[in-house]
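Undergrad: This is the structure I have questions about; it appears just below.
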Amino acid sequence: MKALIIGKLMYSRFFIFICVITISSLSANAKDTLTGAMVSAYNTSGLLQQNRAVLRAADEDVATAASQLAPVVSWASSASHSGSDSSAYDTSASVSLSADYTLYDGGKSSLGLEAAKFSVLATRSKLVSIEQNVLFEAVTAYLGVIRETENVSLRENNLSVIREELKAANDRFEVGEITKTDVALAEARLAASNSALAVAKGSYEKAVASYISSIGAKPNSLEYPNFVPEVPNSLESAIAIALTEHPSIDELKNLIKVSEINSKIADLSTGFTISLESSVSLDEEGETSGSVGVKASGPIFSGGKLYSSSRKKIALKEQVLARLYSSKISIEQNVTNAFSSLQVAQAAKSAAEEQIRATEVALKGVKEEAILGARTTLDVLNAEKDLLDARVQLISAKVDENLSLYRLLLQIGRLTADYLSLPVRQYDVKKYYDLVKNSPASNSKTGRELDNILKSLAKN
């Protein structure tokens, strides 16, 4: 029985040991993916959090505008104690309640509410632009680390090859097959290889710093993206998508609506307003008094202020229209550049692959000829350099191809967590708006829900 128990304990310990080894191996071999990098950037971006707060502030402008359509109720109380040495002191106190309600203002309040709503839509589009930039920075940083990692690896391998070539050159010099010049050429190439490796390591450190800044974590073993996003197969379709889906276009269209409404509000500022005023008061003797009345008011002379404001709103509208026109031109140009860059990168990758195949054959032949004395050490070194250059070009072309795919998505307005189906909890732009749009009271059910949301945001 004792032996059985000991056997079970040994088996348990062995099982635990195997599990630990397995988990450790998995952790050691774990690789970061581009999707994971984008998810991390999305979840940790301070810029996204900042602009979500900007959007909530715009939502509150809707609540403020909505409150202008509701009556304003206020209270006041006063107490006084007055008199002199020659007369009795008199004490008085009162409490009053008043209400004001705008019956007619030409529609200014309603228009103000509409302007605030369009401003919210513009801010939402701006948030999408920010989201795109955050994700593209993550893609750029991720692919940058891959590029520099492979460059360092190539430079290290090349350094090992050059060292072997130098050793072989020294051996051949000792037996009189080559001259001291050949050895010196190999030594010079070794020094250049060491320098190139140092530069590559420096570029790698910069890429890592950019990765940490964009993604919020250090890179582990990165793998090439295994997911190819769907992009338009023609320049015409890419431009058509961009002009309808790019968030900058949508933002400016909504800002034009805002400027048009503000222009109308400015025109109505010369009109009149009718409001209902009522009040009730209670004095220290318990007597009540009240009043109800209708008040009409309007400007007569303001030194040209109102007309100046109207002209300013027209100018601002024209400014946004011009921005929209310029933005469309810029978007078309950016889409064209991104589409062209993708085609160039794809062609460069094919060319680099073919160049590697050719240079590998050439290097093999040069080495064989060098053994027979038909080629010099310099010929071998040059062939090695040609192969290295071709491999570096292939790395750049592969990275550029992936980067161009995501840059094209960025320029057409589809580099979003939603389009890429990223496994993230996306920010609900309507949730906060729906709660505040009707300007709820703080002690209402909706007001309490808002308090809970604000508390949860404060914890983050």
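Undergrad: Rounded to the nearest 20 debye, what is the charge dipole size of the chain about its Cα centre when +1 sits on each Lys and Arg Cβ and -1 on each Asp and Glu Cβ? Before the final figure, lay out the partial values.
TA: On the way: 49 positive and 53 negative charges, 142 e Å.
The dipole magnitude comes to about 680 debye.
Undergrad: What's the center-to-center distance, using Cα atoms, between the range 342-410 and the range 178-231 in Å?
TA: The distance from the Cα centre of the range 342-410 to that of the range 178-231 comes to 16 Å.
Undergrad: Can you name the helices of the chain, as whole DSSP H runs, whose Cα span along the helix axis is 20 Å or more and whose Kyte-Doolittle mean is not below 0.0?
TA: Numbers: long enough: 2-29 (40 Å, 1.34); 46-67 (32 Å, -0.06); 108-174 (97 Å, -0.09); 180-215 (52 Å, 0.34); 247-268 (32 Å, -0.06); 305-371 (93 Å, -0.24); 377-412 (52 Å, 0.27); 445-459 (22 Å, -0.73).
Going by DSSP H runs, the hits are 2-29, 180-215, 377-412.
Undergrad: Identify which of the listed values of Kirkwood radius over Cα pairs in Å was calculated from the structure shown: [x] 24.1; [y] 29.9; [z] 22.6.
TA: [y]
Undergrad: Of 264/431; 367/398; 126/253; 126/431; 218/398; 253/431, which pairs sit farther than 20 Å apart, going by alpha carbon to alpha carbon? Walk me through the numbers on the way to the answer.
TA: Details: 264/431 30 Å; 367/398 29 Å; 126/253 12 Å; 126/431 17 Å; 218/398 23 Å; 253/431 23 Å.
Those over the limit are 264/431; 367/398; 218/398; 253/431.
Undergrad: Check the straight Cα-Cα distances from residue 295 and name the lysines below 23 Å, setting aside those fewer than 8 residues away within the same chain.
TA: 108
Undergrad: Per DSSP H run of at least 4 residues, take -39500 (n - 2.57); add these up for the chain, divide by its residues and hand me the 222 nm value, nearest 500 deg cm²/dmol.
TA: Numbers: 12 runs with 327 residues, N = 460.
Rounded to the nearest 500, the figure is -25500 deg cm²/dmol.
Undergrad: List the lysines whose alpha-carbon lies under 16 Å from that of residue 364, not counting same-chain residues fewer than 8 positions away?
TA: Straight-distance partners of residue 364: 385.
Undergrad: Could you pull out the GluC sites (Glu not before Pro) across the range 263-346 that fall in loop regions by DSSP (anything but H, G, I, E, B) with no more than 16 other Cβ atoms inside 10 Å? Mind dumping the intermediate values first?
TA: Values: sites: 277, 284, 285, 287, 318, 332; in loops: 284, 285, 287.
Counting only loop positions with at most 16 other Cβ atoms within 10 Å, the GluC sites (Glu not before Pro) in the range 263-346 are 284, 285, 287.
Undergrad: Figure the gain on full extension for residue 319 and residue 72 (residue separation times 0.36 nm, minus the Cα-Cα span) and round it to one decimal in nm. Display every interim value, and only then the final one.
TA: On the way: separation 247, 0.36 × 247 = 88.92 nm, distance 3.64 nm.
Here the answer is 85.3 nm.
Undergrad: Let me ask you something else. May I ask you to evaluate 6.51 cos²θ - 1.76 cosθ + 1.60, the Karplus curve with θ = phi - 60°, for each residue of the range 278-283 and list the ³J(HN,Hα) values in order in whole Hz, giving x for glycine and proline?
TA: For the range 278-283, the Karplus-derived couplings read 9, 7, 9, 9, 10, 9 Hz, x marking Gly and Pro.
Undergrad: Sticking with this structure for a sec: Given R₀ = 41 Å, FRET efficiency for residue 425-residue 300 by Cβ-Cβ distance, to 0.05? Walk me through the numbers before you get to the answer.
TA: Values: r = 56 Å, r/R0 = 1.38.
According to the calculation, E is roughly 0.15.
Undergrad: When you count, for each residue, the other Cβ atoms within 10 Å and take the mean per peptide, how do 192-200, 127-135 rank with the highest first?
TA: Working: 192-200: 15.4, 127-135: 21.1.
Packing order, densest peptide first, comes out as 127-135, 192-200.
Undergrad: Please list, or write none, the aspartates and glutamates whose alpha carbon is within less than 18 Å of the alpha carbon of residue 312, excluding same-chain residues fewer than 8 places away.
TA: Leaving aside aspartates and glutamates fewer than 8 places away in the same chain, those within reach of residue 312 are 260, 267.
All of the numbers you see were taken from the coordinates with simple rules; none came from a lab. Predicted model only: the values in this text are computed from it and were never measured. Neighbour counts run over all protein chains shown; Cβ positions are idealised from the backbone, glycine included.
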